[in-house]
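What follows is a set of notes on a single structure, which appears directly below.
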Amino acid sequence: MNFRLFALIFLIAGSSTIYAQNLGSIQRGQRGYSPPARQQDAGEPEKPDVNLLSIERADMYQEILDIDVFTKEVLKSYLKDYYTATVDIGYDENLKFDAKRELINAERKKFETSLKEVFTEEQVEKILTEEEFGKEKKKYDKEKRQEKRKKKKRKKNKDDDGK
């Protein structure tokens with residue numbers, strides 16, 4: 001019986017020393033601490049999809065400027081060309097900042113010239129201001145979000161009334 005008691009004490013003491021040795025490698029105050037994951041290189045940022053961007057912006061301008069479908073399609077074509085040129089310039093690593101700025105300003109002038117063929121002076125000014133500052137886009141996106149919330153709310157109320 002003394003042998004069994006001795007063996008039991010030996011096993012308990014042995015396992016606790018192994019556990020204590022494991023904790024000894026962790027510095028005091030850091031038990032349970034896991035270091036943050038390493039940040040991986042993001043690589044090159046992805047270029048925005050100019051097709052999708054031009055479609056979204058053309059839809060927005062159609063509502064803001066109250067233009068017809070044909071004019072919207074013409075505007076979408078102009079926007080796509082403008083966005084393609086500016087994105088290519090912006091993501092060109094061989095160009096310096098000043099050179100990029102000059103090229104983008106030249107593209108903006110071409111874009112303005114092409115818009116003047118189809119739109120009135122007021123409409124051109126609104127489009128160019130929006131492309132530069134983007135205030136109307138924020139309002140447009142906010143209105144769309146509110147509209148979606150109202151639809152969800154109506155649908156939820158309708159489902160609740162039906163039960």
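Checked against a 25 Å cut-off, the cross-linked pairs 126/152; 72/153; 72/144; 76/110 give Cα-Cα distances beyond that limit for 126/152; 72/153. Taking only protein heavy atoms and a 1.4 Å probe, the accessible area of segment 50-134 is 51% carbon and sulfur.
Compactness of segment 50-134 was expressed as the Cα radius of gyration divided by 2.2 N^0.38 Å, which yields 1.10. Counted by Cβ distance under 11 Å from residue 80, the other residues give a net charge of -1, where Lys and Arg count +1 and Asp and Glu count -1.
Between the DSSP loop rule and a limit of at most 10 other Cβ atoms within 10 Å, which trypsin sites (Lys or Arg not before Pro) in segment 73-136 are left?
Numbers: sites: 76, 80, 96, 100, 101, 108, 109, 110, 116, 126, 135; in loops: 96.
Passing both the DSSP loop test and the Cβ count: 96.
Between residue 151 and residue 118, the contour length at 0.36 nm per residue exceeds the alpha carbon distance by 8.3 nm.
The values are calculated or read from the model by the stated rules, or taken from the named source; none is laboratory data. Nothing here was measured: the structure is a model prediction, and the numbers come from that model. Every residue, glycine among them, receives a Cβ derived from its backbone with ideal geometry; neighbour counts consider all protein chains shown. Surface accessibility is based on the protein's heavy atoms, side chains included, excluding ligands, DNA and RNA. Shrake-Rupley method; radii C 1.70, N 1.55, O 1.52, S 1.80 Å.
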